[in-house]
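Remarks on the structure that follows.
The values are calculated or read from the model by the stated rules, or taken from the named source; none is laboratory data. All figures in this text were calculated on a predicted structure; none of them were measured in a lab. Note that each Cβ is placed from the backbone with ideal geometry, even for glycine, and that neighbours are counted across all protein chains shown. Please note that ligands, DNA and RNA were not included when accessible areas were found on the heavy atoms of the full protein model with its side chains. Shrake-Rupley method; radii C 1.70, N 1.55, O 1.52, S 1.80 Å.
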Amino acid sequence: MFKPQGTTPRDHDTHDADVALLTAYLEDELGASQIELHKERRWRPVWRATMMRNGQPTELLLKGERTWLTHPYPLDYEKDMQRTLHENGVPIPAILGYCPEPAAIVMEWVRGGRDPGLIQQAIEQGSEMTEDRWQASLSYMEILARMHSIPPEKFVAAGALMPADDRAIALGNFELFHAMTGMNGISDPFIHFFAGWLRRNYPKGTSRVSFLTGDCGQFLSDGPEVTCILDVEIGHLGDPMRDLACYRGRHPIENMGDVPALFLHYEQASGQPLDYDAIAFHTVAFLCEAYYGPFFGLHDMGRGGDWVESMVQIAVIGRRAVEALAEIIGLELDDITLPPPEATPLEDLALGKLIAELGRLPESDALPDWQRNVLASIPHYLKNRGHYRQWCEAADIAETAALTGSHPANVTEADAALTRFITAAGAEQDAALTRLFHRRFLRQCLIIAGADPAPDHIALAKMEPILDRKLD
């Protein structure tokens, strides 16, 4: 029923052609004139359109397809879910049209702001919770409770899959994501590990099904008012505790405020008791699903994207997924410190030259300033990582050898040995593997944060516990 997005990506060296086609669509289908399109900094092609329509200045948002394989739902599915939500009273932008080439959902522009949605942006700019945003967050919990009460059959009629049993309620969305590894031809040991753990440990006996945002916590606000919810591209039918788990998984990369207080506000608004064990499980599942997109993006060679954001997300999301899993199995994790940097004078000169030349590229509609900076972030990242590469790789190899009894000569052989070990292992190795992957991801996060990072550096933000709430 679903076809992964990005399996046949367009040649995205087509900025001018895309703008011309989108402009023609807005003129022909919506009767617009004096159209200007401004591309936004996002994972996917997104344009803010200003125009005259019906004699009035008008702003619209155009959301295009992802440029590589990131999730298992096509763009028209997102359109249909968004339209169903709007028709059922959820504050979400109204759909005004659908451009077939380049594929783009045309929707109303809604006022309001939000914190950065990318980890790298959050590292650069920070993330704050103001009093107004907090009041809006409480209102969002009430909206979420109302959304979860909409009969799921309405979404089935629009194309959503109804889970057949408790396994599908818990893992249906995950299995769609996991199937993309074979389609994409790439995987890694951590994917093998968490796939097995999730399948062995999903909540049994769950029967409640609601439409889920899929990536909960994304909304615009203006003062204390929620103006709209955003991005239901991976919305699906499942356990409503999964949406709450998204909130926990996002915080504090995006500062969501007092998450336990928000959960209690949702509980009051929904009239349904919270299942903290389910929230704990779905935190792991949500973060593991979130691991796929940047992992696939790392291997994409098409134009555009944000390669460093992919690297940062892999490290941060992977570590936090392991921390959430460690809480469930009752495991205390290790701490690591960054060693002195290695000397790489020639590499530093070469990458410094590349950074300088990229900075001199002229800004244009096809290469706006933010996109040029995204490109320049790659040599910046490689320069920093190069100072710790031998330490990181040697530790990965040694720890894998100690656990598996193998003798890998390099990281590639270590990953192959680890994958074989995971394939043969059962639950008795969960603790050892959890500890190993945590150390792997923590090393990457330490490199991202660099020497002497701030105590609250986002790349090192730990997963806050949730299971102690059962005792309150």
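Here ASP300 passes the criteria (1) under 19 Å from the mean Cα position of the chain (by Cα); (2) part of a helix (DSSP H, G or I) except the one numbered (2). Here the condition is being surrounded by fewer than 17 Cβ atoms within 10 Å (Cβ to Cβ) and over 27 Å from the mean Cα position of the chain (by Cα); of GLY450, GLY426, it holds for GLY426 alone.
The set of residues in region 363-399 being over 22 Å from LEU446 (Cβ atoms) and not in a helix (DSSP H, G or I) consists of GLU363, SER364, ASP365, ALA366, LEU367, PRO368.
Scanning region 158-182 for residues that are part of a helix (DSSP H, G or I) and farther than 19 Å from GLU78 by Cβ turns up ASP166, ARG167, ALA168, ILE169, ALA170, LEU171, GLU175, HIS178, THR181, GLY182.
Only residues that are under 27 Å from the mean Cα position of the chain (by Cα), of a type outside the set (Asp, Glu) and over 30 Å from GLN429 (Cβ atoms) were counted in region 366-414, giving 19.
Scanning region 190-212 for residues that are among the β-branched types (Val, Ile, Thr) and part of a helix (DSSP H, G or I) gives a single hit, ILE191. Only a single criterion out of (1) open to solvent by less than 20 Å² (accessible area, probe 1.4 Å); (2) not in a helix (DSSP H, G or I) is not satisfied by VAL316, namely (2). The listed residues are ALA417, ALA402, and the only one of them that is over 21 Å from GLY249 (Cα atoms), assigned to a helix (DSSP H, G or I), open to solvent by 20 Å² or more (accessible area, probe 1.4 Å) and not aromatic (Phe, Trp, Tyr) turns out to be ALA402. When GLY89, GLY112 are screened for being at pLDDT 90 or above and at positive phi, only GLY89 passes. Identify, please: which residue in region 226-255 is outside any loop (DSSP other than H, G, I, E, B) and among the aliphatic types (A, V, I, L, M) and is, among those, surrounded by the most Cβ atoms within 10 Å (Cβ to Cβ)? Among those residues, the one meeting the criterion is LEU244. Being of a type in the set (D, E, K, R) and under 30 Å from the mean Cα position of the chain (by Cα) holds for only one residue in GLU357, GLU347, GLU363, and it is GLU363.
Quick check, is GLY305 of a type in the set (Gly, Ala, Ser) and either farther than 29 Å from HIS251 by Cα or part of a helix (DSSP H, G or I) (or both)? No: the conditions fail for GLY305. Scan region 191-203 and give yes if some residue there is open to solvent by 30 Å² or more (accessible area, probe 1.4 Å) and touching a strand residue (DSSP E or B) at 6+ places or on another chain (Cβ under 6 Å), otherwise no. No.
Among what's in region 319-343 and is open to solvent by 20 Å² or more (accessible area, probe 1.4 Å) and either among the β-branched types (Val, Ile, Thr) or assigned to a helix (DSSP H, G or I) (or both), pick the residue that is farthest from CYS288 (Cα to Cα). Among those that are open to solvent by 20 Å² or more (accessible area, probe 1.4 Å) and either among the β-branched types (Val, Ile, Thr) or assigned to a helix (DSSP H, G or I) (or both), it is THR337. Out of the residues in region 259-288 that are of a type outside the set (S, T, N, Q) and not in a helix (DSSP H, G or I), which is least open to solvent (accessible area, probe 1.4 Å)? Step by step, filter region 259-288, then rank; the result is LEU274.
Against the condition closer than 29 Å to PHE263 by Cα, under 19 Å from the mean Cα position of the chain (by Cα), in a helix (DSSP H, G or I) and of a type in the set (A, V, I, L, M, F, W, C), how does LEU144 come out, does it pass? Answer is no for this residue.
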